[in-house]
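Take a look at the structure set out below.
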Amino acid sequence: MEQASPDPERQLQPGLLEPLGRSDAGLGVAVDEEVEGAREEGSGGDTMTHNNFWLKKIEISVSEAEKRTGRNAMNMQETYTAYLIETRSVEHTDGQSVLTDSLWRRYSEFELLRNYLLVYYPHIVVPPLPEKRAEFVWHKLSADNMDPDFVERRRIGLENFLLRIASHPILCRDKIFYLFLTQEGNWKESVNETGFQLKADSRLKALNATFRVKNPDKRFTDLKHYSDELQSVISHLLRVRARVADRLYGVYKVHGNYGRVFSEWSAIEKEMGDGLQSAGHHMDVYASSIDDILEDEEHYADQLKEYLFYAEALRAVCRKHELMQYDLEIAAQDLASKKQQCEELATGTVRTFSLKGMTTKLFGQETPEQREARIKVLEEQINEGEQQLKSKNLEGREFVKNAWADIERFKEQKNRDLKEALISYAVMQISMCKKGIQVWTNAKECFSKM
Amino acid sequence: MARSFGDKDLILPNGGTPAGTSSPASSSSLLNRLQLDDDIDGETRDLFVVVDDPKKHVCTMETYITYRITTKSTRVEFDLPEYSVRRRYQDFDWLRSKLEESQPTHLIPPLPEKFVVKGVVDRFSEEFVETRRKALDKFLKRITDHPVLSFNEHFNIFLTAKDLNIYKKQGIALLTRMGESVKHVTGGYKLRMRPLEFAAIGDYLDTFALKLGTIDRIAQRIIKEEIEYLVELREYGPVYSTWSALEGELAEPLEGVSACIGNCSTALEELTDDMTEDFLPVLREYILYSDSMKSVLKKRDQVQAEYEAKLEAVALRKEDRPKVPADVEKCQDRMECFNADLKADMERWQNNKRQDFRQLLMGMADKNIQYYEKCLMAWESIIPLLQEKQEAKKESRFLDGPRK
């Protein structure tokens, strides 16, 4: 499987490090023109994309969010937020972009798209959606889904989700994804027509397989442990970070009280008055600076959250492998027992207990013709079983190969993204320190004039 | 060179011996340790006092701390050019009450609080002792700076006596003329009208104490919030370490962030310690100062009241004495001296206050600047670490397959 797509070309503002998904202009995606006719596993022939569309560079952006009221499935009034998705194609020659599609989608439609992708691309680490409800909030941040800051961060998260899919070499070719961007009405019907809900593995089956599988590929077992631990450590990190933000907020805001008391004090002083008064002003500046600082930090938290949710996507791939492996083991087991039955019938020895054997003992032997018939049936079943086992084996190996290729791709992406996130976090801290130094230096100067 | 009196001949209460003797400060280092403030009176200094070298004394009945007081002076009131004695808090307290008694028309600087109200503080901890030492040093320096108080006999004895207890016991009355006279001022007279300037001083002190109280509360609250922030930081940093152990290429960057947060935590701890030890005590001192000043103002009011009452009594007696009786004259004298002393002290106090607060607040700003500079350095230093290409680094246990 080729790793066709290069890194998304970013349209950076000069001199700024723009973390993924931050840019308001959206990111451009170039799809390798040479890759054609690449097969997507699991998606039938009619979900092949319209080739011409993907030969041009496209830009996707979730540019607006709007509160709407409508009627839900139970015909009750509800309020929800709709997001405007704009797709632009960029001409190679002059770099100008032309708006080709523009439609509104709500969060539940994004969910539907993702669920579809999970079923049809079980070997892919499917990008996660931004959180449905605000979690890991520190007290000043609203946990309300309608809060404009939450909506704004979600808008960015949804844009990021679409860009991740568009830059994935396999997912970007999916027709349902294409339709999501281009076909406003009837899209839901199109998704449901694929019948993906039926193809989905039952949760129960998956759980059963996880417990009972005997020989999963060790790499997947390790990967499962990794994703569990990653999830745990990032959750912990986000929780503590929220508390740290809370405390930092408190420290800054209390300094604002100095502003007021210095002002009051300066009223009774002669020579000291001016210095005190102006220093008080700087304390007010200090106290109010924390709001912007913490707002910026939320973006860092969002980047971490994405990878928290990615851990679940990793686990989903592992689960699929376990399911397939378990399926294989059961089929092999089944085949082995049939072969044994056949052998016993043929040689007349009964080594294993069977009901048929018991009844035969109790009610008399079966005729040779009957036995021949049974052997024939079994032989047919064994033949079929061997074919199935072969194809299951092949399937399993293909899955492992493809999944592992995507996991490697994911690993590279993760290391890149998280490194960048850490850098931007450090940059934020540096900026906060510099602001602090500036304010206190100003205050010190005011004090020196007292 | 200067001879030292103090340690060799020092007799401690309860017959204890000093925990350790130390040689007196040499002249140069003594001068180095002195803060040569701006000379307000324009006189060249001829008296230098330093409080240092706290030592713990463990005796059968009690444990306590003594401080070394080193005095250098060319004044005639001192027999020797240099003295070194050891004093404990009790002795400072004695000095202060003697000064209040003998110089009631002057503002006596405050002492640090006698008892530790917040129970958790260990009064033998290094930080507490150092904070107290600084306050006691400030106390003596303020007296040294005062043109009248510095010549007070009790002060002299405090600086020079080998055994202070002898003087304490003998209760030598070294009251000044003023002290003597004000001592006998009877209260209970109602003041007719307070002169504007003293009323203004009273109002000022009221508001001043109020504002200082507010600032004290704010500062305490900030320290409390900073400590709680520190607690969270100390949990936050190590989580990056835990994460680093799971990763391959990200291991070093994550570990770097963890260490960085650790450095910031340490810097924050230093900030809160500094504020607690250097900032808060000085604030409290000034609150105590304004309290004691208020009581001096009250005394002044009483002196004026007495004078006015006596004057009125004379007027009412209708004796055709053109001359004012001697005792009324004495009252007037007393009042006018008091007013003059107080005015002069207030001016001196205002100037000192301005300098003290200027220094205090600049110090607070400085400490915050230093804190941010330490954090800045930490974060700037890991940027290259985060940016570098991780070549042939250790492989993640999970994603890179078995190690070769």
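The values are calculated or read from the model by the stated rules, or taken from the named source; none is laboratory data. Computed from a predicted model, the values in this text were never measured in an experiment. In this analysis, Cβ positions are derived from the backbone assuming ideal geometry, glycine residues included, and neighbour counts consider all displayed protein chains. Please note that ligands, DNA and RNA were not included when accessible areas were found on the heavy atoms of the full protein model with its side chains. Shrake-Rupley method; radii C 1.70, N 1.55, O 1.52, S 1.80 Å.
Residue A:219 satisfies every condition listed in (1) surrounded by fewer than 17 Cβ atoms within 10 Å (Cβ to Cβ); (2) at pLDDT 90 or above; (3) among the basic types (Lys, Arg) except (1). When we screen A:311, A:301 for residues that are farther than 23 Å from residue B:233 by Cβ, part of a helix (DSSP H, G or I) and of a type in the set (A, V, I, L, M, F, W, C), the only hit is A:311.
Only a single item in (1) over 27 Å from residue A:265 (Cβ atoms); (2) within 14 Å of chain A (Cβ to nearest Cβ) is not met by residue B:346, and it is number (1).
Looking only at the range B:207-223, residues that are basic (Lys, Arg) and open to solvent by less than 20 Å² (accessible area, probe 1.4 Å) come to 0 in all. For the residues A:222, A:228, the requirement of being under 22 Å from residue A:413 (Cβ atoms) and without any contact (Cβ under 8 Å) to a residue 12 or more places away in the chain singles out A:222.
For the structure I just gave you, tell me whether residue A:377 is of a type in the set (A, V, I, L, M), modelled with pLDDT of 80 or more and either more than 24 Å from residue A:215 (Cα to Cα) or under 52 Å from the mean Cα position of the chain (by Cα) (or both). Talk me through it step by step, then tell me what you get.
Working: of a type in the set (A, V, I, L, M): yes; modelled with pLDDT of 80 or more: yes; either more than 24 Å from residue A:215 (Cα to Cα) or under 52 Å from the mean Cα position of the chain (by Cα) (or both): yes.
In short, yes.
Evaluate the range B:312-325: report whether one residue or more is at the interface with another protein chain (Cβ under 10 Å from one of its Cβ atoms) and either outside any helix (DSSP H, G or I) or at pLDDT 90 or above (or both). No, there is no match, as no residue in the range B:312-325 is at the interface with another protein chain (Cβ under 10 Å from one of its Cβ atoms) and either outside any helix (DSSP H, G or I) or at pLDDT 90 or above (or both). Screening residue B:93 with (1) out of contact with any helix residue (DSSP H, G or I) (no Cβ under 9 Å at 6 or more places or on another chain); (2) of a type in the set (D, E, K, R); (3) crowded, with 17+ Cβ neighbours inside 10 Å gives one miss only, at (3).
For the range B:61-79, what are the residues that are modelled with pLDDT under 90, farther than 12 Å from residue B:47 by Cα and open to solvent by less than 50 Å² (accessible area, probe 1.4 Å)? Across the range B:61-79, the qualifying residues are B:63, B:64.
Scanning the range A:290-308 for residues that are buried (at least 21 other Cβ atoms within 10 Å of the Cβ) and without any contact (Cβ under 8 Å) to a residue 60 or more places away in the chain yields one hit, A:290. Taken together, the residues in the range B:54-77 that are closer than 14 Å to residue B:124 by Cβ and either aliphatic (A, V, I, L, M) or under 20 Å from the mean Cα position of the chain (by Cα) (or both) amount to 7.
Tell me, which residue of the range B:244-259 that is under 15 Å from residue A:411 (Cα atoms) and at the interface with chain A (Cβ under 7 Å from one of its Cβ atoms) is most open to solvent (accessible area, probe 1.4 Å)? Across the range B:244-259, the extreme among qualifying residues is B:249. Annotation: residue A:209 fulfils all but one of (1) more than 14 Å from chain B (Cβ to nearest Cβ); (2) open to solvent by 10 Å² or more (accessible area, probe 1.4 Å); the unmet one is (2).
Answer yes if at least one residue in the range A:222-240 is among the aliphatic types (A, V, I, L, M) and more than 20 Å from the chain's Cα centre (by Cα), and no otherwise.
Yes.
Candidates A:157, A:250, A:256, A:185: the one that is more than 14 Å from every other protein chain (Cβ to nearest Cβ) and either farther than 21 Å from residue A:129 by Cα or not small (Gly, Ala, Ser) (or both) is A:185.
So for the range A:275-289 (the condition being open to solvent by less than 10 Å² (accessible area, probe 1.4 Å) and either away from chain B (no Cβ under 14 Å) or out of contact with any Gly (no Cβ under 9 Å at 6 or more places or on another chain) (or both)), does at least one residue qualify? Yes.
Please verify whether residue A:404 is within 19 Å of residue A:128 (Cα to Cα) and within 13 Å of chain B (Cβ to nearest Cβ), treating the condition exactly as stated.
Working: within 19 Å of residue A:128 (Cα to Cα): yes; within 13 Å of chain B (Cβ to nearest Cβ): yes.
Against the criterion (within 19 Å of residue A:128 (Cα to Cα) and within 13 Å of chain B (Cβ to nearest Cβ)), residue A:404 qualifies.
Mind telling me which of the residues A:40, A:36, A:91 ends up being among the acidic types (Asp, Glu) and at pLDDT 50 or above?
Just a single option satisfies the conditions, and that option is A:91.
For residues in the range B:286-320 being closer than 16 Å to residue B:201 by Cβ and open to solvent by 50 Å² or more (accessible area, probe 1.4 Å), which is farthest from the chain's Cα centre (by Cα)? Break it down stepwise before answering.
Filtering the range B:286-320 for residues closer than 16 Å to residue B:201 by Cβ gives B:286, B:289-304.
Narrowing the set further to residues that are open to solvent by 50 Å² or more (accessible area, probe 1.4 Å) leaves B:291, B:294-295, B:298-299, B:302.
Working: B:291: 15, B:294: 19, B:295: 20, B:298: 24, B:299: 25, B:302: 30 Å.
Checked the range B:286-320; the qualifying residue farthest from the chain's Cα centre (by Cα) is B:302.
Of all residues in the range A:253-263, none satisfies being open to solvent by less than 60 Å² (accessible area, probe 1.4 Å), more than 30 Å from residue A:417 (Cβ to Cβ) and in a loop (DSSP other than H, G, I, E, B). Taken over the range B:214-256, the criterion of being under 19 Å from residue B:283 (Cα atoms) and hydroxyl-bearing (Ser, Thr, Tyr) is satisfied by B:214 alone. From the list B:227, B:218, the one residue that fits, being at the interface with chain A (Cβ under 8 Å from one of its Cβ atoms) and hydrophobic (A, V, I, L, M, F, W, C), is B:218. State which residue is nearest to the chain's Cα centre (by Cα) when the search covers only the range A:259-274 and only residues that are closer than 23 Å to residue B:221 by Cα and within 7 Å of chain B (Cβ to nearest Cβ). Applying the filter and picking the extreme gives A:261.
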